[in-house]
C-alpha cells in the first residue's frame, strides 16, 4: 500500500512537471535579434587541455574555420601539465598557422580545469570570454548567433550540444541524453531558470567573470558552479539553439560512469553551496521552481531506488518460496497462464501512473528530437536508454552521494 501511494504521488508530481515543460515548449515566442556585421566585439577563447593529444588538433581546426575576423579574437590553449604530446602538437599548429591568433600557456603542475581557465582569463583582452573543451568542434557561425543573445541582464550564453559521430552503444545512449538536455536547457532558458554553462562551449561577459572572482578552482564542476553563481547574483544564462557544438563522449561504460559521478557530485555540492536560493522569492522561478525541482529530483532518485530494490527483492523471495514448495506445479501454472488471467494479475493501480508518466516522457523525447532536427530511430540503444539506463543513473547518483558523504578526493 505504501509503495503504491508513493508511486502515485511521484507520478503525479513528475507528470505535472512534464506538462509544464510541454506548455513552455509551445509558448516560447522570444524575439531574437540578429548579428550586426558592423560591430565585432573582441573575443577571448580559452581551450583548457589535459592529455588531449587525440582531439586538440581537430578542435583547433574548427576554430581555424570560424566565421569571425581574425583580428577580432584570440585563442589561449592552456596546457595543464599534460604528460602526452598535447603541447608539442599545439606548438606545431602555431608554427604552421602563424597568422592565427593562438597562444599556448603551460602549467608546470596539474592544477585543474578551473585554474586553466583562470590562467586564460588573466591574459584575456576580450569583451567576451569563451570556454571551449579540447574535444569539441564548433560550428563556423557559432559566435555570430550567440552574441545577439546578450541583453542587459544576460551574463552567459551556451551552445546546443550534439554527440560527435556516436559508434558504440554507450555513445548512442549519450546521444539521446544530449538531445534531451539541449531541449530542456532551451526551455529553462525561456523561463530564466537555466543554471549551467557547459564547458563544451559557453560565452561569458569577461568583465563580469573577473568581478565575480573567476572560476572556482576547488570545485569539481566549475561550469555548473559559475552558472549557479551568476544566478545567485541575479544574472541570466541563455541558450542559443542555432549554435551547435559537437563533442566527443566516453565510448565505454567505465569512462561514462566516472564522468557522470563527477557531474553528480558537482550537482550535490553546488546545490548545497547555493541553498540560499531555495524558495527565495527574490530569485524568481529559479528559487521558487527550479531549486525545489532540483531537490525533488534528487530525493526521488534515492527513494525510488530503495523502494524498487525492496519490492524486487521481496517479489523474488516469494517467487523462490512458491517455486520451492510447488515445484513443477508452479512452472505449469506460468505455462498455462491465459491472457485473461495475466491481465487479472496485472496491478493497474501500480502500473497505470507509470504508463501516464512514460507517455508524457516519451512525448517530451519526441519534441526534443524535433527541436534538434534529429531523426528518431528506435533501436537497441533506445531501449536501454528508456528502460535500463534510469536504473544505471540511480546507481551513479548513489555512488556520487557516497563519495561526497565520505569526502573522497576530487579530481579533474
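Sort 183, 387 by Cβ crowding within 10 Å, fewest neighbours at the top.
Ascending number of Cβ neighbours within 10 Å: 387, 183.
Quick check: residue separation of residue 71 and residue 321 times 0.36 nm, minus the Cα distance between them. What number comes out in nm?
Result for the pair: 82.4 nm of gain on full extension.
Looking at the stretch 195-271, I'd like the Rg to Rh ratio, where Rg is from alpha-carbon atoms and Rh is Kirkwood's inverse mean 1/r.
Here the Rg-to-Rh quotient is 0.99.
Please determine, in degrees from 0 to 90 and to the nearest 10, the orientation of helix 113-123 with respect to the longest principal axis defined by the Cα atoms of the chain, where the helix direction is its Cα long axis.
Relative to the chain, helix 113-123 is tipped by roughly 20 degrees.
How high is the relative contact order of the stretch 46-159, given as a whole-number percent (alpha carbon pairs under 8 Å, six or more residues apart)?
With pairs under 8 Å counted, the relative contact order is 38 percent.
Using mean Cβ contacts within 10 Å as the protection proxy, how do 236-246, 362-372, 195-205 order, highest first?
195-205, 236-246, 362-372
Relative contact order for the chain using alpha-carbon pairs under 8 Å, separation at least 6, rounded to a whole percent?
So the answer I get is 19 percent.
Semi-axes of the stretch 1-140's equivalent ellipsoid from the Cα gyration tensor, sqrt of 5 times each eigenvalue, largest first, rounded to whole Å?
41, 24, 13
Cα centroids of the stretch 252-280 and the stretch 81-99: how far apart, whole angstrom?
33 Å
Starting from the 7 Å offset along Cα-to-Cβ, what nm value, one decimal, do you get for the label separation of residue 303 and residue 386?
Result: 2.7 nm between the two label points.
Taking every DSSP beta bridge with both residues inside the chain, roughly what % is antiparallel (nearest 5)? Walk me through the numbers on the way to the answer.
Values: 10 of 35 bridges.
Around 30 percent of the beta bridges assigned by DSSP in the chain are antiparallel ones.
Given Cα pairs under 8 Å that are at least 6 residues apart, what percent is the relative contact order of the stretch 197-269?
Averaging sequence separation for qualifying contacts and normalising by length gives 37 percent for the stretch 197-269.
Would you please give the FRET efficiency between residue 92 and residue 125, computed as 1/(1 + (r/R0)^6) with r the Cβ-Cβ distance and R0 = 35 Å, to the nearest 0.05?
0.90
Running a GNM on the chain with Cα contacts under 10 Å, which residue among 316, 298, 12 ends up with the highest mean-square fluctuation?
Among 316, 298, 12, the largest mean-square fluctuation in the Gaussian network model of the chain belongs to 316.
Show that you can apply the helix-only estimate: for the chain, add -39,500 (n - 2.57) for every DSSP H stretch of four or more residues, divide by all residues, and state [θ] at 222 nm to the nearest 500.
-17500 deg cm²/dmol
Contour minus end-to-end for residue 20 and residue 358, with contour as 0.36 nm per residue of separation and end-to-end as the Cα-Cα distance?
Result: 120.1 nm gained on full extension.
Between residue 109 and residue 83, what length comes free when the chain is fully extended (0.36 nm per residue of separation minus the Cα-Cα distance, one decimal in nm)?
8.3 nm
If you average the alpha carbon positions of the stretch 216-230 and of the stretch 125-164, how far apart do those two centres end up, in angstrom?
Rounded to whole Å, the Cα centres lie 17 Å apart.
Can you put 159, 297, 58 in order, fewest other beta carbons within 10 Å first?
297, 58, 159
We did not get these values from a lab; they are worked out from the coordinates using the rules stated. All values reported here derive from a predicted model rather than from experimental measurement. In this analysis, Cβ positions are derived from the backbone assuming ideal geometry, glycine residues included, and neighbour counts consider all displayed protein chains.
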